[in-house]
Amino acid sequence: MKMPSLWWLPFGRSPEISPQELHHWLEEGQPVQLADARTSLEYQQGTIGAARHAPLSEMPRSLDRLGLDPAVPIVMLCLSGHRSIPGTRWLRSHGYQAYSLKGGILAWKRAGFPLTPPGE
């Protein structure tokens with residue numbers, strides 16, 4: 001799938017997963033990879049589980065660094081669900097099974113789920 005030159009625009013749709021469903025996956029130990037598209041400052045304030053930092057602005061260049069497994073679903077995270085949409089589209093265009101966290105970290109926190117310091 002050829003991506004448009006403005007792939008990073010936060011418009012359109014992408015497959016989503018709710019905070020409750022992601023929490024269930026994590027609690028059940030279902031294999032899932034988390035990629036956090038927020039800025040470094042946002043990421044340092046806490047993320048979900050062992051999310052890898054994957055700023056949207058670096059997405060095309062960071063795929064090798066992230067070491068994502070194409071056989072394991074990826075959930076893209078961001079603050080409100082806007083930056084994760086283009087990140088999810090970009091990953092899907094490269095053969096990954098990716099989802100956007102619906103409502104982002106804000107929805108995760110509203111649901112009462114915790115954030116963890118990066119790297120824990």
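The values are calculated or read from the model by the stated rules, or taken from the named source; none is laboratory data. Note that the structure is a prediction, hence the values are computed from the model and not measured. Here Cβ is always computed from backbone atoms with ideal geometry, including for glycine, and neighbour counts include all displayed protein chains.
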Could you please find all residues in region 61-96 being among the polar types (S, T, N, Q) and either within 19 Å of Gly49 (Cα to Cα) or touching a Phe, Trp or Tyr at 6+ places or on another chain (Cβ under 8 Å) (or both)?
Ser80, Ser84, Thr88, Ser93
Residues of region 1-30 that turn out to be part of a loop (DSSP other than H, G, I, E, B) and either over 23 Å from Ala71 (Cβ atoms) or at pLDDT 95 or above (or both), as a count
14
Could you list, in sequence order, the residues of region 48-79 that are among the small types (Gly, Ala, Ser) and loosely packed, with under 15 Cβ neighbours inside 10 Å?
Ala50, Ser57, Gly67, Ala71
List every residue pair whose Cβ atoms lie under 9 Å apart, where the two residues are 6 or more positions apart in sequence or sit on different chains, the first residue falls within region 56-69 and is closer than 24 Å to Gly81 by Cβ, and the second residue, located anywhere, is among the basic types (Lys, Arg) and assigned to a helix (DSSP H, G or I).
Glu58/Arg65
